[in-house]
Amino acid sequence: MADGIDLYAVFLGPLESLGLEYFVTGSVASSAYGEPRFTQDLDLVLSLSPNRTEDLRRVFPAAEFYVPPDATLREELGRASGGHFNLLHHETGVRADVYVLGRDPLHDWAMDNRRRVDLSSSLSTWLAPPEYVVVRKLAWRAEGGGERHESDIRSMLRSLGKDIDLDFVTDHADRGGFRDLWDRLRS
């Protein structure tokens, strides 16, 4: 994953320079909490207001990155539940899937409980709490996502042991309608 970490730094460095609140989730977070696996994208949740889109364009210049047009950014930022857009690094083809904070209580909880971690000696970032990562991976799997979500969850549970709030995940699995999947994976 060392090569992957260097690639992800192309997104995390500029975000850090803006001082915007964010956290990394998805397979990068599950790899940090469990067993590493390579992925070509970076999933993150970002708190971004419409008046900061120019700042985003400044740190992700068009010569190096694809950033959606302003109209698209504003549309995604205007979604009540939080929108989504992609950033693409031209040279490497690495993509960041950016989910806008919006009004999702689970996103809010995760932002309040994110963890600052060192992914390498040169890369420090904000990670989603492991409970959030597990809940989202359960939801993605329940919606038809690949089996890799299951292996990520199992790996995290093995690695974290008692350092994960299983009751929190169970409560959200009940609310999300994927309790059977959760029970199967944690057994």
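Since every read-out is calculated from the coordinates, none of them should be taken as a lab result. Keep in mind the model is a prediction, meaning the values are calculated, not measured. For neighbour counting, all protein chains shown are included, and Cβ atoms are generated from backbone atoms with ideal geometry for every residue, glycine included.
Take every Cα-Cα distance within segment 130-187, group them into 5 Å bins from 0 onward, and report for each bin the whole-number percent of pairs it holds.
Reading the bins upward from 0: 4, 22, 37, 27, 9, 1.
222 nm [θ] for the chain, helices only, -39500 (n - 2.57) per DSSP H run of 4+, per residue, to 500? Write down the numbers at each step before the final one.
Working: 9 runs with 93 residues, N = 187.
It comes out at -15000 deg cm²/dmol, rounded to the nearest 500.
Report the gain in length on full extension from residue 70 to residue 55: 0.36 nm times residue separation, minus Cα-Cα distance, nm rounded to one decimal. Working shown, then result.
Numbers: separation 15, 0.36 × 15 = 5.40 nm, distance 1.19 nm.
Going from the current span to full extension adds 4.2 nm.
Two-decimal Rg/Rh of segment 1-157 from alpha-carbon positions, Kirkwood Rh? Present the calculation step by step, with values, prior to reporting the outcome.
On the way: Rg = 14.9 Å, Rh = 15.9 Å.
On the Cα set of segment 1-157, Rg over Rh gives 0.94.
Would you please give the FRET efficiency between residue 154 and residue 6, computed as 1/(1 + (r/R0)^6) with r the Cβ-Cβ distance and R0 = 35 Å, to the nearest 0.05? Intermediate results must be reported in sequence, preceding the final value.
On the way: r = 27 Å, r/R0 = 0.78.
Given R0 = 35 Å and the Cβ-Cβ separation, E is 0.80.
Could you work out the relative contact order of the chain? I mean the mean sequence separation of Cα pairs under 8 Å and 6+ apart, divided by the number of residues, in percent. Walk me through the numbers before you get to the answer.
Details: 279 pairs, mean separation 42.3, N = 187.
Relative contact order, the chain: 23 percent.
Rg(Cα) of segment 1-67 divided by 2.2 N^0.38 Å? Walk me through the numbers before you get to the answer.
Values: Rg = 12.9 Å, N = 67, 2.2 N^0.38 = 10.9 Å.
Compactness ratio reported: 1.18.
Going highest first, how would you order 8-17, 125-134, 31-40 by mean Cβ packing within 10 Å?
Working: 8-17: 18.7, 125-134: 25.3, 31-40: 17.1.
The densest-packed peptide leads the list: 125-134, 8-17, 31-40.
When only C-alpha pairs under 8 Å and at least 6 residues apart count, what is the relative contact order of segment 22-133, in percent? Please report the intermediate quantities before stating the final value.
Values: 186 pairs, mean separation 33.4, N = 112.
RCO, segment 22-133: 30 percent.
What does the C-alpha gyration tensor say about the overall shape of segment 82-159? Classify as rounded when a/c is under 1.5, otherwise prolate if a/b is larger than b/c, or oblate.
Values: a/c = 1.19, a/b = 1.14, b/c = 1.04.
Rounded, because the longest to shortest axis ratio a/c is under 1.5.
In debye, nearest 20: dipole of the chain around its Cα centre with unit charges on the Cβ of K, R (+) and D, E (-)? All intermediate terms of the calculation are to be shown ahead of the outcome.
Details: 22 positive and 31 negative charges, 44 e Å.
The dipole of the chain has a size of about 220 debye.
Kindly put 156, 111 in sequence by how many other C-beta atoms sit within 10 Å of each C-beta, fewest to most. Don't skip to the answer; put the middle values down first.
Values: 156 24, 111 20.
Sorted ascending by nearby Cβ count, the order is 111, 156.
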